[in-house]
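A.B. asks: I'd like to ask you about the structure that follows.
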Number of protein chains: 2
Amino acid sequence: MTIADFLDRAELGFADSPGVIDEPDQPAPPVTASTYGRLGERVRAWQAGLDALGTREGDRVAVVSHNSARLLELLFAVPMSGRVCVPVNFRLKAEEIEYVVRQSGASVVLVDPEVREVTAGIETDHRFVLGEQTETELMRFDVEPRPWSNPDEDATATINYTSGTTARPKGVQLTHRNIWVNGLTLGLHTRAWERDVYLHTLPMFHCNGWGMPFVMAGLGVKQVVLRKVDGAEILRRVDEHGVTLMCGAPAVWSMVLDAAAGWEGEIPGRDRVRIVCAGAPPPSRLIQRVEEELGWEFIQIYGLTETSPLLTVNRARPQDADLPGEQRARRLSRAGLPALGVRLRVAESGEVLARSNVVFDGYWDKPEETANALDDGWFHTGDGGDVDDADGHLTISDRKKDVIITGGENVSSIEVEDTIFSHPSVAEVAVIGVPDDRWGETIKALIVRAEGATVSEAEIITYCKERMAGYKAPTSVEFRDMIPRTATGKIQKFKLREPYWAGRDRGVN
Amino acid sequence: MTIADFLDRAELGFADSPGVIDEPDQPAPPVTASTYGRLGERVRAWQAGLDALGTREGDRVAVVSHNSARLLELLFAVPMSGRVCVPVNFRLKAEEIEYVVRQSGASVVLVDPEVREVTAGIETDHRFVLGEQTETELMRFDVEPRPWSNPDEDATATINYTSGTTARPKGVQLTHRNIWVNGLTLGLHTRAWERDVYLHTLPMFHCNGWGMPFVMAGLGVKQVVLRKVDGAEILRRVDEHGVTLMCGAPAVWSMVLDAAAGWEGEIPGRDRVRIVCAGAPPPSRLIQRVEEELGWEFIQIYGLTETSPLLTVNRARPQDADLPGEQRARRLSRAGLPALGVRLRVAESGEVLARSNVVFDGYWDKPEETANALDDGWFHTGDGGDVDDADGHLTISDRKKDVIITGGENVSSIEVEDTIFSHPSVAEVAVIGVPDDRWGETIKALIVRAEGATVSEAEIITYCKERMAGYKAPTSVEFRDMIPRTATGKIQKFKLREPYWAGRDRGVN
């Protein structure tokens, strides 16, 4: 069970089929050859190059890059050559990237031209800019390829740094076996097959694009690289390439919905595309709009970097087909049923614990954090949730750190957000707890209004009180032009809370 | 990675959904409760019963049964309770069953009422007839269930005896991990999902029904038990239950085609059913007829009991959709592309070798045979084959033992059969080598004519000579009323050859 299984099958069965279609609009010269046969050749050239550099088995190779064919190639080449790939978020600041490179001990750093400057000061043995430099100075097309390294299935294949919504990022060690099992179950539960066309709407640095690059290759699926997430561009690519499958956070699908509103003609991919949504709990209105306005099937999954990531999957059941759209969407807004081989339980504290072949090996060089996270063999997700006795579906009630405690009551900020988001004048919303002398914390909603909408603070509060217990309604609303998110679409609540809590005892995490 | 993963997910997510629909027409009282919740309860009652008998972890429990809900339950209950299940071919003779029971060392034997007499003389600690006796004397519904045993993933889960087309049957030890990976890859490559309805057209004793009982449960798929293979009955069940997925040898689909010819009204399941075919190489005309006359998708897989069984899969590619039916069928008549994680190579001798997580652990109590079969880490299939350089698809040119050597030329009996079968007057055909003083061996065709057809020996020989090299054409033809097959649809060529070779040096295997 190693990553080689995926590429070897692609080369054997799909050598002449379209493989990876690189992004045309990027600062490096796009990779032009695109069959799976060619992918194999290029991966071998990377391996030979890393060999020639003198890097050894187990060495870490960091890649700081937007989505690109080269990043995808390296997700194969580095682990298949016996090394460890460290994909790094390209939006991080210089000192954050430096931290990841230093903490992982990477001896080679490969960077996209766009982050050339920001990574210029990094101290490492080797640094290359992806594109002309790696083609001429690193990759070796001229040597007789050696066989792939044959690492143990429990060897670390990649180290993926957590996105750091809370503390310093930690390096999540995923093994070949983690990635293999995640790929198989993700493929099974999304019914992937060789007639799919996959568009990389998800950053590949994020948990190796949820493992999709591997399983898509193993099934011989054409993969279209998308460098920048843009709603209209996604619609154009779906049309151009006959895309059938995409992954992304709710924010991605919001952008597509916005673009669809101004799209002329029929929405491409209607009744053909299925999207896989995770990274943050999607509001049920978003789900309904995706199904109704785009005609795309909405599949929710839930997981974390530490779980490769697939833990649960929620796909409409046959008996849901005739439900009214809203009810259907509400069912789909749950995290879902554990994937095959995943065990979940909810601790007394309400925290969701997981046990599975996809649970990571440990945090790189952090034995204490590892022991805490993997207490008694169960991985502690840090998220609060409930399992429905009737059908075993998990609902994430809150990222643990996002529970608001007001007057002794626990309020799920997600529940409040979901209610507010159902208001037609609301485009985006984040709900946070802010200090309150009487209640300890009180609830504040930060809202981006829909284009042209004029809804007021009082209207929002009344709207909430009509729909949920009074203590769950926000006591104040602020309207904003935008709500900042991480590259993977997560709202960084600690940043939103920061100004309100400045100088207080209670941390903002 | 244990069998419990499949049933646990079924119970968690599909407790109230249809699970296993037992065969109504059987000598034992059919199991009436059919949800996956009820399946879990019954499996626990089997476990408690086996505990109460005093059988221990690792003990073998043999089951000699036609397809039935009880047999399916035992495929879960025996391994999940830490024991080893030995499903036995119910068509074997008394002394053959006795051999399997004795060789496996089974301390418990469970038998279908129909084989009550034939198994009466078996010496074992415990023998029960499935049905009333097991419900009242063995299963324990009244005790507090204990958790499933937690065997290592490399522990033996089942021992499946090879069907004995050649020598004495050998016990193939399949581990939990073998079965787990086979289930996942089979589900992935057949695109199984919870909206499927599965009909058990394949005997479950045969390699645990290719692992389908497990993966269908894990996906919450309704499973309909079929006790006896009958073409018209299969069509009726497809209609009644909305079946979408079935497995079986080519002979099964021939029977369905025959029944379809006399079927009134539209063929049920058109454009909905997909069938998975293995056990013997299907003639391409059979494939074409399935696709054209039934409108069912034809998926070929290839494998052996020793490989759990999935090694390769062949499903029409998108670009094949517009090919003429005959060409399409010819492509589909190949064994296919290795499943994810399977490595194949063809030895110099022409034998196909396989390496994979689905390769068995060994033959029970036969270290020498195990060492021979698993020489240098590769499993020796005993089948001859070729891998197409263009697309990596394997073609089985012949079961090794079925090659005919005539005048120094190797002739694939399958190739000759395929040619003869394409003649419209031929319903069934088996090609064998018979002794010949001049050529060593010469080729004989045994043919069952299609209903009402009158084709002659000379016509068949001419037909072959027009289509293939002269030395490949049969030199004689015999017309028969039927050709005997094993329960799994395999032609037992050694039996067909026997009379011709009686008293000769060369063996008939």
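Taken together, the values in this text are just the output of simple stated rules run on the coordinates, not laboratory data. The shown structure was predicted, so the numbers you read here are calculated from the model rather than taken from an experiment. Every residue, glycine as well, gets a Cβ built from its backbone with ideal geometry; the counts of neighbours run over all protein chains shown.
A.B. asks: Given bins 10 angstrom wide, list per bin the percent of all Cα-Cα distances in the stretch A:168-221, short to long.
C.D. replies: Cα pair-distance distribution for the stretch A:168-221, in percent: 23, 54, 20, 4, 0.
A.B. asks: Compute the orientation-averaged projected area for the stretch B:231-360 from the convex hull of its Cα atoms and round it to one decimal in nm².
C.D. replies: In nm², the orientation-averaged hull projection of the stretch B:231-360 is 9.0.
A.B. asks: Now for a different question. Give A:Lys222/A:Lys493; B:Lys472/B:Lys495; B:Lys228/B:Lys444; B:Lys93/B:Lys472; A:Lys93/A:Lys444; A:Lys93/A:Lys493 a once-over and call out the pairs whose C-alpha atoms are over 26 Å from each other.
C.D. replies: From A:Lys222/A:Lys493; B:Lys472/B:Lys495; B:Lys228/B:Lys444; B:Lys93/B:Lys472; A:Lys93/A:Lys444; A:Lys93/A:Lys493, over 26 Å: A:Lys222/A:Lys493; B:Lys228/B:Lys444; B:Lys93/B:Lys472; A:Lys93/A:Lys444.
A.B. asks: In Å, what Kirkwood hydrodynamic radius results for chain A from the alpha-carbon pair distances?
C.D. replies: One decimal place: 23.6 Å for the Kirkwood radius.
A.B. asks: Here is a further query. Under a Cβ-Cβ cut-off of 13 Å, what is the net charge of the residues other than B:Asn372 that fall near it, where Lys and Arg count +1 and Asp and Glu count -1?
C.D. replies: -4
A.B. asks: So, one more: So for chain B, averaging the separation of alpha carbon pairs under 8 Å that are six or more residues apart and normalising by length, what relative contact order in percent results?
C.D. replies: Reported relative contact order: 11 percent.
A.B. asks: Placing +1 at every Lys and Arg Cβ and -1 at every Asp and Glu Cβ, with all other atoms neutral, what dipole size does the stretch B:5-160 have around its Cα centre, in debye to the nearest 20?
C.D. replies: The dipole magnitude comes to about 120 debye.
A.B. asks: Right, another one. Could you give the dipole magnitude of the stretch B:140-298 about its Cα centre, charging the beta-carbon of Lys and Arg +1 and that of Asp and Glu -1, in debye to the nearest 20?
C.D. replies: 400 debye
A.B. asks: Residues in the stretch A:131-151, backbone N under 16 Å from the label point at A:Ala52 (7 Å along the Cα-to-beta-carbon vector): list them, ranges by number please.
C.D. replies: A:131-146
A.B. asks: Just to be sure I understand the curve: with the Debye formula and one point per C-alpha of the protein assembly as shown, what is log10 I(q)/I(0) at q = 0.04, 0.05, 0.10 Å⁻¹?
C.D. replies: Per q value, in the given order, log10 I(q)/I(0) is -0.22, -0.34, -1.26.
A.B. asks: Of all beta bridges DSSP finds with both residues in the stretch A:129-274, what is the antiparallel percent, to the nearest 5?
C.D. replies: Close to 40 percent.
A.B. asks: Now, a different point. Label-to-label distances across copies for A:Arg236, with labels 7 Å out along Cα→Cβ, in nm, shortest first?
C.D. replies: 6.0
A.B. asks: State, as an integer percentage, the relative contact order of the stretch B:82-180 based on alpha-carbon contacts under 8 Å between residues 6 or more apart.
C.D. replies: 31 percent
A.B. asks: Put +1 on the Cβ of each Lys and Arg and -1 on the Cβ of each Asp and Glu in the stretch B:88-147; which of B:Gln103, B:Thr136, B:Gly121 then has its Cα farthest toward the positive end of the dipole?
C.D. replies: B:Gln103
A.B. asks: What is the stretch B:1-101's relative contact order, in percent, from Cα pairs under 8 angstrom and six or more apart in sequence?
C.D. replies: 26 percent
A.B. asks: Let me ask another. Copy-to-copy spacing for A:Ser349, label 7 Å out on the Cα-to-C-beta vector, in nm, shortest first?
C.D. replies: Relative to the other copies, A:Ser349 has label-point distances of 6.0 nm.
A.B. asks: Given the convex hull of the Cα atoms of the stretch A:331-475, what is a quarter of its surface area in nm²?
C.D. replies: Average of the hull's projected areas for the stretch A:331-475 equals 11.7 nm².
A.B. asks: Okay, moving on. Dipole of the stretch A:364-459, Cα-centred, from +1 at each Lys and Arg C-beta and -1 at each Asp and Glu C-beta, to the nearest 20 debye?
C.D. replies: The calculation lands at about 360 debye.
A.B. asks: Given the convex hull of the Cα atoms of the stretch B:1-43, what is a quarter of its surface area in nm²?
C.D. replies: Computed as one quarter of the Cα hull surface, the answer is 3.3 nm².
A.B. asks: Turning to a different aspect of this structure: Inter-copy label distances at B:Thr475, 7 Å along the Cα→beta-carbon direction, one decimal in nm, shortest first?
C.D. replies: List, nearest first: 10.2 nm.
A.B. asks: Tell me what the protein assembly as shown gives for mean residue ellipticity at 222 nm when only DSSP H runs of n ≥ 4 count, each as -39,500 (n - 2.57), the sum divided by the residue total, rounded to 500 deg cm²/dmol.
C.D. replies: Value at 222 nm, helices only, nearest 500: -8500 deg cm²/dmol.
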